[in-house]
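Computed from the coordinates by the stated procedures, all read-outs in this text should not be read as laboratory data. Keep in mind that what you see is a predicted model, and the values were worked out from it rather than measured. Counting neighbours? That spans all protein chains shown, and the Cβs are built from the backbone with ideal geometry, glycine included.
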Amino acid sequence: MRVRATLASASVVAALGLVIRSLTQVLHRLREAEAAGAAEAARADAEAARKHELACELLTLRNLLISTPASVETRFVPAPSDVFVVGYPRCGTTWVSQIVHALRTGAEVEKTMAFGEISEVVPWDVQAEACGQRLNSPQVGVSRAFKSHETCEAIAKGARYIYVARDPVDAFLSCYEHLPAYANLLPGDLEPQQFADALFAGAARAGQIWPHFLGWWKQRRNPDVLWVFYDDLHADLPGCIARVAEFLGLAESEPATLERTAALCSFDFMSAADNAPHFDDHFVRGHVLPRMGLPRDLPARVSKVCHGVVGRGARELPAGVVERLAARWAETMVSETGCSSYSELREAYSHERPLTPDTAYAPDRPRFSASWFSLPNSLSPASSGSH
C-alpha cells in the first residue's frame, strides 16, 4: 500500500509539474503581451500629447493670420452716431448685430434681410479692409453699425458701444467648439484641457475673456456704453430689444417694429435652414481662409448660431476645466469688481445702471472720445501701430 501511494504521489507530482510549466508559459506570454501593450500605450500617449501640442501651435499660428496689418492698423474715426457691437468671441455679437440691424431698418423683412451674410452689412472692424470694405462707407439704415471683438483700450473711440457679455464657462465651451474648427482642426485634435492651455497662452487674438470683461466693465457708467447679457437675451429678448432701441435713440419705435425685430432676431428664425447662411461667417471666411493656408471654399463645420442656451458649459465641460475658469475669475475679477462670479456681476449691473432717458442716445450730448483712455490703440486716431 505504501509503494502504490508513493507511485501515486509521484504521478501527481509529475502531472502538477506539467500544469505548472504550462501555466508559467502562458503567464510569460501574457506578461510579454502586457509589456508590449504598455509600450504601445505609452507610444500612443506620447503621440496624442504631440498631436495636442501641434494642434495648439497650429491654432495659435492660424489665428495670428486672421487679420491683416492693413485692417488692424486702419486709423478709423467713427461718427458719434456709429454703434459698435462688441464682445469677446462667442458671446453673442452676431445676435446683437442682427438686433441693431433690424432696428435701424425698421425690421421690414425684405429690407432687413437683404444681405448675404451679416458681416456684409455690419462689418467686422479689424476684418473690413481685408474683406474689401471701407469703414467710412455709408450703410443702410439710420446708424452705421460695426462688429468688434476688441478690448476697450484697442477699439476706435468716439462712437457708441453695446458690450455683449456671457458666462465665461459657456463662452469657453462655445469657443472650444468653434475656434479650432475655424482653423480646420478636428474635434479630437484638442481636448478641453489643452484648449484651455492654448487660450491661457494667448491663442485667441482677443486675449482672455476676464481682462476683456474688466476693461469694458470700467466703462459701464459711460453713457455711450450699454452692457447686454447673453442670459437676458435668452430670457427676455423683447426686453433687451427695447433697451437697445432706447440706447440707439429709437425708443419711439412702433410696437409693431419691436415685435418684428423680436421675430427676426429669435433663435428659431436665425437658426432655420433657410436663414442660417446669413449668419455663418462665410463672407469673412472667404477672405480669411487663404491667409490661413486653407481653401477659400472650405465648408464651415459648425454654425455660428447653435444652441442658444444658457448653462451648457457647466454641464458639459470637465470639472477640472470649470474649476480652472472659476479660479481665473477669482484671480482677475474679484478684487476689481467685488463680484465673486459672473452671476454676481450680471446682478450688480442690473441694479447699478438701468437705462433711463438721461442715458439714451442724444445727438447733441457731449461725446466720450479718445480721452477715455490713456493707452494708444490701433483703430483710434492716436494709433501708432499694430496691437
The range 261-329 and the range 16-79 have their Cα centres apart by a whole-number Å value of 27 Å
3J(HN,Hα) from dihedral phi, the range 188-199, Karplus parametrisation 6.51/-1.76/1.60, rounded to Hz, x for glycine, proline: x, 5, 9, 8, x, 5, 5, 5, 4, 4, 5, 5
Take the Cβ-Cβ distance between ARG296 and ASP274 as r, set R0 to 25 Å, and report the resulting FRET efficiency rounded to the nearest 0.05. 0.55
Looking at the range 242-288, which GluC sites (Glu not before Pro) are in a loop (DSSP not H, G, I, E or B) and have at most 16 other Cβ atoms within 10 Å? GLU252
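Sorted from largest to smallest, which semi-axis lengths in Å does the alpha carbon gyration tensor of the chain give for its equivalent ellipsoid, taking the root of 5 times each eigenvalue?
On the way: eigenvalues 640, 101, 88 Å².
They are 57, 22, 21 Å, listed from largest to smallest.
Can you give the charge dipole size of the range 78-361 about its Cα centre, rounded to the nearest 20 debye, using +1 on the beta carbon of Lys and Arg and -1 on the beta carbon of Asp and Glu? Show your work: numbers first, answer last.
Working: 26 positive and 36 negative charges, 114 e Å.
So the dipole magnitude of the range 78-361 works out to roughly 540 debye.
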Between VAL228 and residues 5 or more places away or on another chain, the pairs with built amide H atoms under 5 Å apart involve TYR163, VAL164, ALA165
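Return one quarter of the surface area of the convex hull spanned by the alpha-carbon atoms of the range 194-246, equal to its mean projected area, in nm². Display every interim value, and only then the final one.
Values: hull surface 20.0 nm².
For the Cα atoms of the range 194-246, the hull's average projected area reads 5.0 nm².
Please count, across the chain, the pairs of lysine residues with Cα atoms under 24 Å apart that sit 8 or more places apart or on different chains.
Numbers: LYS111/LYS147; LYS111/LYS304; LYS147/LYS157; LYS147/LYS218; LYS147/LYS304; LYS157/LYS218.
So the count works out to 6.
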What is the distance, in nm, between label points placed 7 Å from the Cα along the Cα-to-Cβ direction at HIS282 and at ALA327? 4.3 nm
Find out how many positive minus negative residues lie around ALA41, taking Lys and Arg as positive, Asp and Glu as negative, among other residues whose Cβ is under 11 Å from that of ALA41. -3
Show me, for the range 332-338, the HN-Hα J-couplings you get by feeding each phi into the Karplus relation (A = 6.51, B = -1.76, C = 1.60, θ = phi - 60°), rounded to Hz, glycine and proline as x. 9, 9, 4, 5, 8, 10, x
For ALA314 and GLU57 in one chain, what is 0.36 nm times their gap in residues minus the Cα-Cα distance, to one decimal in nm? 89.8 nm
If each DSSP helix of 4+ residues adds -39,500 (n - 2.57) and the sum is divided by the residues in the chain, what number results at 222 nm, nearest 500 deg cm²/dmol? -15500 deg cm²/dmol
Would you calculate the separation in nanometres between label points at ALA15 and LEU27, each defined as 7 Å from the Cα along the Cα-to-beta-carbon direction? 2.1 nm
